[in-house]
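The values are calculated or read from the model by the stated rules, or taken from the named source; none is laboratory data. Note that this is a predicted model, so its numbers are computed, not measured. A quick note on method: Cβ atoms are made from the backbone with ideal geometry, for glycine too, and the neighbour counts reach across all protein chains shown. To get the accessible areas, we keep the full protein, side chains included, count just its heavy atoms, and leave off ligands, DNA and RNA. Shrake-Rupley method; radii C 1.70, N 1.55, O 1.52, S 1.80 Å.
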Amino acid sequence: MTTLPPPTTELSADEARRIALRAQGFLGAPDRRAGVRGVLRHLGAVQLDTISVLARSHELIPYARLGAVGRKTVEDAYWRRVSDSAPPARPHAFEYWSHAACILPIEEWPHFAFRRRAYRDRPHWNHQLPDGVYDQVVKQLRTEGPLTATDLGGAKKTSEWWDWSGTKVAVERALMYGEVVCVERRGWKRVYDLAERAVPAALLHDDLDDTECLRRLVRLAGRSLGVGTRADIADYHRLKAEQVDAVIADSGLVPVTVEGWSRPAWADPEALLTPPRGRHRTTLLSPFDSLVWERARTERIFGFTHRLEAYVPRQKRVHGYFAMPVLAGGRLVGRVDPAREGRTLVAKQVTLDGPKAAAPVAQALVEAADWVECTDVRVERVDAPELREALTAELARLLA
C-alpha cells in the first residue's frame, strides 16, 4: 500500500456524513437547471439494473435528488441525442462497465481506455464465440446502422438468460473492446452502434495511458463521494486496490482522518472549503443508488446495514424483495419494500427506526406514489407493530 502523507484535516463522523450527502446531491438545493444530465455528470455513474418495482433504478436515481421528474424526461436526458450547429447528433451518455453496468457521461469515454485494453487482453471472456460471427456483427452494424441484439439475429439460443446466441456474445464482446458502443436503450434493449460513428470524434481515442485513466477515475470517485477510504474510492468504478494506490497521491484528493473510521481516508479538497449546509431530501432510495451501493461504507457512515434481497430465496428474506432505504434529515430512518397494484402503492413491508421515523417515511411514500401516478398508499406489514398506527395516521393525513 502507498505510504500516506500526514492528514491535512480531521473530520468528525457527522461532518463526514454531511460531506458525503452533499457530494451525492442530497444536501442543499438541487441544480434543477442542469436536471438529469447534471445529476449524471455530478455522480459520474448511474447504475442500471433489470429490476423494476416503482421504476428502474436509473430512473430512481434522479428522482431521489430532484423530485418528481417525468420518467420520459429521465429517459430522454440519458439517451436522446442533440444536434449542435450541424449534424450528426451528439450523445450525452454511453453505457459501459463501471461500478457495474452503468450510464456514464460521454466525456468519460477516453478514461475507460484502460478497461477496454484489459478486456482486449482477455480474448476468451466467458462465452465461446463461433468463428466469423464477430466480424459479421461488425459488418452488419456498419451496413445497417444502430441495431438491437434482436435486430442482429437474436440474443438467446434458449429461454435461459445466460444462454446467449453467438451474435449476442459477439456484440457484447465488441462492446467491451470499445469497437461497439451503446448510447441508447429502446424498451430496455441495448442499441448497439459502431463507436467510430456514435462517439464524438474528439473523444474517440484510447490515447490516454492507464495511469492517466486511473488518476481521472480516482479523482472523480473522490469528488462524487466527498470523502472515502481507499476501498470506497476503488469500489466506485470497481478499480483494484493497487490501481488506486498507484495514482491517489497525484489525484488531487487530500488525506484526512475521520472520527470512528479505522482506515485512512481521502477527501475532495473542494468539499472541505465550506461546511455542508442546506435542505435535506426526504426520499426512497434505490438499493443501487451510489449513496448506499457499498455496504461497508453505508454501515460506517450511517450505522445502517442494508442488503439487496431480490436474489435471496423468499424464505430467507428479512426486509423484502426490493427494500428501499428511506433517507430523511440526512439519516437512513427505515426501509420500504414497495409494490404497485393498479393505482395503489403497496408498502409490503416497512421497517421504522423508532416513532420519529413514521412522518418522514409516510412523506417519502406519498411523494413516490404521486411520482408513479398512484392515488393511494396501503401498508401491509410494519416490522414493529406498535409503530403501525403512527405511520398509517400520517399517511391518512397526507393523502386527505
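The table that follows gives values for the structure above.
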{"item": "Complete set of residues in the range 271-284 that are part of a helix (DSSP H, G or I) and either crowded, with 20+ Cβ neighbours inside 10 Å or under 16 Å from the mean Cα position of the chain (by Cα) (or both)", "result": "Ala271"}
{"item": "Only listed residue being free of Cβ contacts under 8 Å to residues at least 60 places away in the same chain and over 27 Å from Ile51 (Cα atoms), chosen from Leu332, Leu399", "result": "Leu399"}
{"item": "Within the range 285-318, tally of residues that are part of a helix (DSSP H, G or I) and either of a type in the set (Ser, Thr, Tyr) or over 17 Å from the mean Cα position of the chain (by Cα) (or both)", "result": "8"}
{"item": "Test: residue in the range 263-270 that is modelled with pLDDT of 95 or more and part of a loop (DSSP other than H, G, I, E, B)", "result": "yes"}
{"item": "Members of the range 13-43 found to be assigned to a loop (DSSP other than H, G, I, E, B) and either within 22 Å of Gly330 (Cα to Cα) or in contact (Cβ under 8 Å) with a residue 60 or more places away in the chain (or both), listed by number", "result": "Gln24, Gly25, Phe26, Gly28, Ala29, Pro30, Asp31, Arg32"}
{"item": "In the range 313-322, the residues that are out of contact with any Ser or Thr (no Cβ under 8 Å at 6 or more places or on another chain) and surrounded by 14 or more Cβ atoms within 10 Å (Cβ to Cβ)", "result": "Arg317, Gly320, Tyr321, Phe322"}
{"item": "Residues satisfying the stated conditions in the range 28-48, i.e. at pLDDT 95 or above and at negative phi", "result": "Val36, Arg37, Gly38, Val39, Leu40, Arg41, His42, Leu43, Ala45, Val46, Gln47, Leu48"}
{"item": "Residue within the range 323-334 that is farther than 30 Å from Gly226 by Cβ, surrounded by fewer than 19 Cβ atoms within 10 Å (Cβ to Cβ) and in contact with a strand residue (DSSP E or B) (Cβ under 7 Å, 6 or more places away or on another chain) present", "result": "no"}
{"item": "Subset of the range 360-385 (residues that are surrounded by 15 or more Cβ atoms within 10 Å (Cβ to Cβ), of a type outside the set (Asp, Glu) and part of a helix (DSSP H, G or I))", "result": "Pro360, Val361, Ala362, Gln363, Ala364, Leu365, Val366, Ala368, Ala369, Trp371"}
{"item": "Close pairs (6 angstrom Cβ cut-off, 6 or more residues apart or separate chains): over 16 Å from Arg56 (Cα atoms) in the range 362-378, basic (Lys, Arg) and modelled with pLDDT of 95 or more anywhere", "result": "Cys374/Arg343; Thr375/Arg343"}
{"item": "Qualifying residue in the range 350-359 (condition: among the hydroxyl-bearing types (Ser, Thr, Tyr) and surrounded by 14 or more Cβ atoms within 10 Å (Cβ to Cβ))", "result": "yes"}
{"item": "Index of the failed condition, Val346 passing every other in (1) crowded, with 22+ Cβ neighbours inside 10 Å; (2) among the β-branched types (Val, Ile, Thr); (3) not in a helix (DSSP H, G or I)", "result": "(1)"}
{"item": "Test set (1) open to solvent by 20 Å² or more (accessible area, probe 1.4 Å); (2) of a type outside the set (D, E, K, R); (3) part of a strand (DSSP E or B) - Ala390 fails condition number", "result": "(3)"}
{"item": "Elements of type helices (runs of 4 or more DSSP H) in the range 44-122, at least 3 residues being more than 24 Å from Asp210 (Cα to Cα)", "result": "57-66, 71-79"}
